[in-house]
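In what follows, a single structure is set out as C-alpha cells and then discussed.
The values are calculated or read from the model by the stated rules, or taken from the named source; none is laboratory data. Because the structure is a prediction, the values reported are computed rather than measured. Because the Cβ atoms are built from the backbone with ideal geometry, glycine has one as well, and the counts that use them run over all protein chains shown. Areas reflect the complete protein model, heavy atoms only, side chains present, ligands, DNA and RNA absent. Shrake-Rupley method; radii C 1.70, N 1.55, O 1.52, S 1.80 Å.
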Amino acid sequence: MHEKLFTPGPTEVRTELLQQLSTAQIHHRTEEFSRIYDDIQNNLQKLLYTNNPVLLFSSSSTGAMEAAVTNGVKKRCLNFVNGAFSDRWHTITKKNGVPCDKVDISWDQPVTPDLVEKRLKTGDYDAITVVLNETSTGLMNPIKEIGEVVKKFDDVLFLVDAVSGMAGTKIKVDEWGIDMCLAGVQKAFALPAGLTVASVSQKLLKRAEEVETKSYYFNLPLLHKYHLRSQTRTTPAIPQIFALQKQLDDIVKQEGIENRFARHQEMAEFVQNWALKHFDIYAEEGYWSNTVTCIENNRGIDVEYLINQLVDKYNIRIANGYGDLKNNAFRIGHMGDLTLADIKGLTATIETILDL
C-alpha cells in the first residue's frame, strides 16, 4: 500500500492519471503530438484566464524560474523574499550573473503593494520576482494588488512563481498583468513530477529578444518559435504530457475550473479552522494559502513523532516545517484531487495520535 500524500508536493495522483504514463510513445514531431499540444494549450489558457502562450518545460519549476530572470532582465531585477522559495529565486538570479537586489521580509508577512511601489519608484529595476504561494510558510501574497502597482511602470516585468497555487486558486494572468506565471505539475495539478508550465507575455518575449546573454536550453525566443508550430523545442516528457492532457480535460470539462477553486477553498477553511482550534497558523491572518497550511507548533509536540506515526500506522504523510521552521511547525497540503472527506479523515487521525 502506498503512502497517501497530504504534503505540499508532490501530491496524491489518481490511478487514472498514473495509467496515462504507460500510454504508448509517439514521436514529438508529428501531427498527433501537435493536436495534443494544442489541446493542452487551450485548457491551460482557460485555467489561467490568459491569451498568452503557455510554454511546457521538461524540468522542475526551478528551470522556468531561471528562464524568467535570464531572459527577462536587461537592467536589474528586484527579488522580494518572504520564504524559502522566493529566496531561491534570488539565489538563481544571482548565480546566473543577473544584476539583482533582494528585499527581505519576515516569513510570516506578505509582500505588500506599498512596498513594491516604493522600491519601483527608484527606477532602478526592470523586473520583479514574487512567489504567489509560499510552500514553505503557507502564505499567499496579494498578487492581484501587486500587479496593479507594476502596471504603473511600463518597463517592469512581473514574474510570478505560482508553483503551489496554480490549479488550486484563481490566477487571472492577463487581468493582473503577469508576464511569466509558472508552476510545476506535481502540486495542485496532482500529476507526477516532470513538467513545468509557464505563461509568457508578449512584453517578456520582446524583452527576451533584447537580452544578449541567455542560456541555450532555457531560451524563451527559441522555445516560443517551436510553440508557434505546436511543438516543444526539444524532446519533451511525453508520458507526463499525456497525463497533463487528461487532467486538464477533467478539470475543465468534468469538475469545472470554478468548482475546483471552490473545493480548494473549502478544504483550506476546514484545515485552518482546525489548526486554530488545536494549534495556531504561522502566516499572518488574511494571507493564508488555499493549498497548504503551515501550522505553528505552539503545543510543543514532537513533530517527527507525529509524522512517523502517520506513516507507520496509517500510510499517510504530512510535512515537517521547512528550513528554520522544522519541528516548530508542520504543513498539511490540501490541494490537487483531495476532497474534504480526505482532509477530515486526516485531521481525525492526527487527533487520535496526539490525543487532542
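When the range 57-106 is examined, which residues are found to be touching a helix residue (DSSP H, G or I) at 6+ places or on another chain (Cβ under 8 Å), among the aromatic types (Phe, Trp, Tyr) and farther than 16 Å from Leu220 by Cβ?
Matches in the range 57-106: Phe80, Trp89.
Pick out, from the range 1-117, the strands (runs of 3 or more DSSP E) lying fully within it that include 1 or more residues that are surrounded by fewer than 19 Cβ atoms within 10 Å (Cβ to Cβ) and among the charged types (D, E, K, R).
Values: elements: 54-57, 77-81, 100-104.
Qualifying strands (runs of 3 or more DSSP E): 100-104.
Return yes or no: is Trp288 touching a residue at least 24 places away in the same chain (Cβ under 8 Å) and under 26 Å from Asp87 (Cα atoms)?
Values: touching a residue at least 24 places away in the same chain (Cβ under 8 Å): yes; under 26 Å from Asp87 (Cα atoms): yes.
In short, yes.
Could you grab me the full set of residues in the range 280-303 that are open to solvent by less than 70 Å² (accessible area, probe 1.4 Å) and more than 26 Å from the chain's Cα centre (by Cα)?
Listed by number, the residues that qualify are Gly300, Ile301.
With the requirement that a residue be touching a Pro at 6+ places or on another chain (Cβ under 7 Å), of a type in the set (S, T, N, Q) and over 14 Å from Glu284 (Cα atoms), what does the range 126-150 give you?
Once the filter is applied, which keeps residues that are touching a Pro at 6+ places or on another chain (Cβ under 7 Å), of a type in the set (S, T, N, Q) and over 14 Å from Glu284 (Cα atoms), the range 126-150 yields only Thr135.
For the range 264-279, what are the residues that are buried (at least 18 other Cβ atoms within 10 Å of the Cβ) and touching a residue at least 60 places away in the same chain (Cβ under 8 Å)?
Residues satisfying the conditions are His264, Met267, Ala268, Val271, Trp274.
Identify all residues within the range 317-335 that are assigned to a strand (DSSP E or B) and of a type outside the set (Val, Ile, Thr); write none if there are none.
Within the range 317-335, the subset assigned to a strand (DSSP E or B) is 317, 319-320, 326, 329-333.
Selection gives Arg317, Ala319, Asn320, Lys326, Ala329, Phe330, Arg331, Gly333.
Within the bounds of the range 264-272, is there any residue that is among the aliphatic types (A, V, I, L, M) and part of a strand (DSSP E or B)?
Pass one, the range 264-272, residues among the aliphatic types (A, V, I, L, M): 267-268, 271.
Then keep just the ones that are part of a strand (DSSP E or B); that gives none.
No, because not a single residue in the range 264-272 is among the aliphatic types (A, V, I, L, M) and part of a strand (DSSP E or B).
Report, ordered by the first and then the second residue, all pairs with beta carbons closer than 6 Å, sequence separation of six or more or different chains, a first member in the range 337-356 that is modelled with pLDDT of 95 or more, and a second member that is open to solvent by 40 Å² or more (accessible area, probe 1.4 Å).
Filtered contacts from the range 337-356: Asp337/Arg14; Leu340/Glu266; Ile343/Phe270; Thr349/Tyr314.
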